[in-house]
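Scroll down for the structure; my scribbles are underneath it.
The values are calculated or read from the model by the stated rules, or taken from the named source; none is laboratory data. In this text, all values refer to a predicted model and were calculated from it rather than measured experimentally. Because the Cβ atoms are built from the backbone with ideal geometry, glycine has one as well, and the counts that use them run over all protein chains shown.
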Protein chains: 2
Amino acid sequence: MTIQQVLRETAKAVDPIMLRYLSRGVGRDFRPIVTHQVRAGGKRVRPALTLLCCQACGGRLRDALLPAAVFELIHNYSLIMDDIIDHGELRRGRPTVRAEYGDTQALLAGMFYREVIGEMAVSLPISRKIYALVVNAVKQTIEGERMDILFEQDGRGEDYIAKHRYKTVTPELYFKVIMKKTAELIKAACLAGAVAAHAGKSQFKAISTYGEKVGLAFQVIDDFLDIFGQETGKQRGKDILEHKLNNAVIVYALPKMASQERSRLMRIIRAERVDEARLRQAITLLESTGAKVKVQMLAKRLVEDAKKSLEALPETPARESLAELADFIAARLY
Amino acid sequence: MTIQQVLRETAKAVDPIMLRYLSRGVGRDFRPIVTHQVRAGGKRVRPALTLLCCQACGGRLRDALLPAAVFELIHNYSLIMDDIIDHGELRRGRPTVRAEYGDTQALLAGMFYREVIGEMAVSLPISRKIYALVVNAVKQTIEGERMDILFEQDGRGEDYIAKHRYKTVTPELYFKVIMKKTAELIKAACLAGAVAAHAGKSQFKAISTYGEKVGLAFQVIDDFLDIFGQETGKQRGKDILEHKLNNAVIVYALPKMASQERSRLMRIIRAERVDEARLRQAITLLESTGAKVKVQMLAKRLVEDAKKSLEALPETPARESLAELADFIAARLY
């Protein structure tokens, strides 16, 4: 199977589970609101990772289906809440939950997701281990989102953020934040597969490393595409427009810049409105530092490390697919 | 022990548990935000109910401490989220989490509460039963809050609410909504005590009825005090100022009013701004219908029903305290 087929099959297996649990005990009027986010689709990378990691550790696909749905639902939960926080209007070309139904309904829908996630997790025979993964992943994601917001340079009209925001970002801090905001959940999705397979210690370790490296690569590449991407379907330079300092390209470009250029870039990032010309100027400034190649290499190394960790697992089609999935993520770089 | 002493002792036992769990694995900067809501205090009625119901069913106090903390934390979780939804500024004379730290931090703090609630619940030996109570209570509270908002007559600037709001409310619908938004959580707090005590079927049933009736009485009395209360520490007529139709006094007054008076009242409830004179006029209109006595009697009957259900339990000091707690709630009526 190609990775595209794996992802399609994953959606076919996991989407009905999510929709079934989301529809349980929900009022008739609330149902379209609650199912909106899941019905909007998505790549389903996280549940594919759970299913493949389970099989790569010798487990049965069917034992990983519910855990896979749990982790995709956590991802969707965080998207609903993030869109409230960021006033997000569109996702995959469709209105977000808050854009369609308003902030109040979106918040209540998000809270409802968290109940369903718990219901699914505790219904498993391996519930305690899965639940520990769930709680840790969500806590880390919350803390990551929190830190990420504090790297915004405008303060979004909230005193607390204006007062507490970070004015600089180092590579160490950058990796700490993306580990929390993105990689921990992806790692947990992988580990849930290992738990479902009752994997041994060495397999568990291999999956843990794989998940972490893939998760970090995922965010680094997202950052890269935000600045240099073509035809991604997203607004180019969104991080700059949203005044965010916490993007891999910016993190690696800033120390390479002469103080005059750095000031010019920071003025654009801090500006209330950035027109197309200024945005292009910022991207040119960033490119001139060599940060583009630096970040490409960084992402490539993370993907190679992820694939290398798979060597501790037996040679199976699932292991092969995990390696291909890592390559698939890296392929967006070129 | 007087009820005041019971509540004080409950706070002394339960607050440190909540604060300990809330502080686990939380970043240094996030800690004051996360602990703000719990440190603001509260009557601690819900955990007192858990502890007393456990003891009234022959259980040990110490087995109910963690479940008690869980249900008080759920209450605090719902307060944080409600304040975001209602733009609440003050609670017990102190700034709400969102007023102190902004909506973004408050939302992330609320989400963090939900993780801690889950962590506590699954750490219990009786976790599956307690967790089922938690999920059901939160789901019902969400749906109740959702319905409650749809009884607001202004639409709060959200299209969805303006389009879907209810324009009338019957006693049946009123009780359905307050069962969900208030009584389900109070009932669950009581049942958690019974679960911790490994109560038998008949005890379980008695506690269930007690919790439901006390929960309903609690909200009916809150509604009563909102309109007729003196020195409650809250703004009088808050529900009218917030354009809410879903208040027991209004529900019972409306059908008793001549159509002219009803229109006058509805105009005030729907008005964007209500000055002191108009608010007093609305309260006088409501009082003239006899709804005051009607609601008092209703609350009193609920409290009597709650106390009656306790007869199925053995005579113990804990049972005595549960009866006193019901009276304590009713005493606010006079």
Which one is farthest from the other protein chains (Cβ to nearest Cβ) among residues in region A:25-38 that are touching a residue at least 24 places away in the same chain (Cβ under 8 Å) and under 14 Å from A:Tyr101 (Cα atoms)?
-> A:Gln37
Just wondering, is there one or more residues in region A:79-93 that are surrounded by 18 or more Cβ atoms within 10 Å (Cβ to Cβ) and touching a His at 6+ places or on another chain (Cβ under 6 Å)?
-> no
When region A:242-278 is examined, which residues are found to be on the phi > 0 side of the Ramachandran plot and part of a helix (DSSP H, G or I)?
-> none
Considering every residue within region B:69-86, establish whether at least one is in a helix (DSSP H, G or I) and among the polar types (S, T, N, Q).
-> yes
What is the residue count in region B:51-85 for residues that are of a type in the set (S, T, N, Q) and over 16 Å from B:Leu185 (Cβ atoms)?
-> 1
Residue within region B:271-288 that is of a type outside the set (Gly, Ala, Ser) and touching a residue at least 60 places away in the same chain (Cβ under 8 Å) present | yes
Filter region A:109-125 down to the residues that are in contact (Cβ under 8 Å) with a residue 12 or more places away in the chain, out of contact with any His (no Cβ under 8 Å at 6 or more places or on another chain) and of a type in the set (A, V, I, L, M, F, W, C), then identify the one that is nearest to the other protein chains (Cβ to nearest Cβ).
-> A:Phe112
Of all residues in region A:119-158, count the ones that are more than 18 Å from B:Ser123 (Cβ to Cβ) and at pLDDT 90 or above.
-> 13
Does region A:39-52 hold any residues that are of a type in the set (A, V, I, L, M) and either crowded, with 19+ Cβ neighbours inside 10 Å or within 14 Å of chain B (Cβ to nearest Cβ) (or both), and which are they?
-> A:Val45, A:Ala48, A:Leu49, A:Leu51, A:Leu52
Options A:Lys167, A:Lys187: the member that is over 30 Å from A:Lys308 (Cβ atoms), more than 11 Å from chain B (Cβ to nearest Cβ) and among the charged types (D, E, K, R) | A:Lys167
Can you confirm whether region B:195-207 contains a residue that is within 13 Å of chain A (Cβ to nearest Cβ) and within 26 Å of B:Leu302 (Cα to Cα)?
-> no
From the list A:Lys238, A:Lys234, A:Lys244, A:Lys213, which one is under 23 Å from A:Val138 (Cβ atoms) and modelled with pLDDT under 95?
-> A:Lys244
Go through region A:126-155 residue by residue and tally those that are over 20 Å from the mean Cα position of the chain (by Cα), more than 7 Å from every other protein chain (Cβ to nearest Cβ) and not β-branched (Val, Ile, Thr).
-> 5
Quick check: is even one residue across region B:38-49 of a type outside the set (D, E, K, R), in a helix (DSSP H, G or I) and more than 18 Å from B:Ile74 (Cβ to Cβ)?
-> no
Scanning region A:277-326 for residues that are β-branched (Val, Ile, Thr) and under 30 Å from A:His243 (Cβ atoms), which turns out nearest to the chain's Cα centre (by Cα)?
-> A:Val303
